[in-house]
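Encoded as structure tokens, the structure appears first; notes follow it.
Only the coordinates and a few stated rules stand behind these numbers; no lab work does. Keep in mind that this is a model prediction, so the values were computed, not measured. Reconstructed Cβ throughout: ideal geometry from the backbone, glycine too, with neighbour counts over all protein chains shown.
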Amino acid sequence: MIRMVALDSIEQETLDKLTRIVFQAYGLGCEYAGEVPVPKEAVKGEALDAVELLAKAQGVKSFADDKIVYLTTRPFLARELPSGKAPTAGFAQYAGERAVVTTHGLPGGEALLKRLAKQVVHDVGHLWELHHCLDPRCSMYATWAPSFSTGEPILCTFCREKSEAKIRLAKT
């Protein structure tokens, strides 16, 4: 099960549509699990520290193989990479339980939903140990590539099969 948790107020219609899209991408239950406060330790001025947020965020009722995606409207601190600072729209504990995604800087309406869903599908993929994909149509394509913001929130056949194998393994 994938559980969506709001850290800020997000429209119920957006949450309902988002959970349906993520369900379609993974063929696995996805539900809204409520709202929790942002941990004080994660607040750094106007931005949030995504790593600290995932470490300190309040949990929700879940089972051992569930994945939790926290949603926020606030920006994240830029990540330090060898090539310099990189803007962050989402962050996942690779092979872990938790991910966080922001709506900050995204357009409104259906464009918001499509881009947000693509980012959520991408970060949930990292939770199931999926790496970046070479197929630019796949949600596991590198998020910093200009084409990531276009297209549908779907997985290519390879990434879908790999995620299904990880899901089956988690259920045993």
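If R₀ is 22 angstrom, what is the calculated FRET efficiency for the pair Val43 and Ala86, using the beta carbon separation as r and rounding to 0.05? Computed FRET efficiency for Val43 and Ala86: 0.60. Taking Cβ separations below 4.7 Å as the criterion for a possible disulfide partner, the isolated cysteines in the chain are Cys30, Cys159. By the helix-only formula, in which each DSSP H run with n ≥ 4 contributes -39500 (n - 2.57) and the sum is divided by residues, the chain has a 222 nm mean residue ellipticity of -10500 deg cm²/dmol. Length available on full extension from Met1 to Thr73: 0.36 nm per residue minus the Cα-Cα distance, which gives 23.6 nm.
DSSP beta bridges fully contained in segment 2-171 are about 35 percent antiparallel. Stretching Tyr32 away from Glu97 to a fully extended chain increases their span by 21.8 nm, per 0.36 nm per residue minus the current alpha-carbon distance. If all Cα-Cα distances of segment 11-92 are sorted into 10 Å bins from 0 onward, what percent lands in each bin, rounded to whole numbers? Going out from 0 Å in 10 Å bins, segment 11-92 shows 15, 41, 34, 10 percent.
Count Lys and Arg as plus one, Asp and Glu as minus one, and take only other residues whose Cβ is under 11 Å from that of Leu127; the net charge is then -2.
The local environment of Arg3, defined by Cβ-Cβ distances under 14 Å, has a net charge of -3 under the rule Lys, Arg +1 and Asp, Glu -1. Using alpha carbons only, how many angstrom separate the centre of segment 42-80 from the centre of segment 102-149? Here the answer is 17 Å between Cα centres. Panel note: the C-alpha atoms of the chain, placed on their principal axes, show extents of 41, 37, 33 Å (largest first).
Basic side chains Lys and Arg get +1 at the Cβ, acidic Asp and Glu get -1 at the Cβ, and with that the dipole of segment 2-171 about its Cα centre reaches some 240 debye. All other residues whose Cβ lies under 12 angstrom from that of Leu116 are scored, Lys and Arg at +1 and Asp and Glu at -1, for a net of +1. Measuring nothing but how far apart in sequence close Cα pairs (under 8 Å, 6+ apart) lie, relative to its length, the chain scores a relative contact order of 19 percent. Across segment 104-134, the residues whose backbone nitrogen lies under 16 Å from the label position 7 Å along the beta-carbon direction of Ser147 are 132-134. Using a simple spin-label model with pseudo-atoms 7 Å out from Cα toward Cβ, Ser62 and Glu164 lie 2.4 nm apart. If the Kirkwood radius is taken over C-alpha pairs of segment 95-172, then at 37 °C and 0.692 mPa s the Stokes-Einstein diffusion coefficient equals 254 µm²/s.
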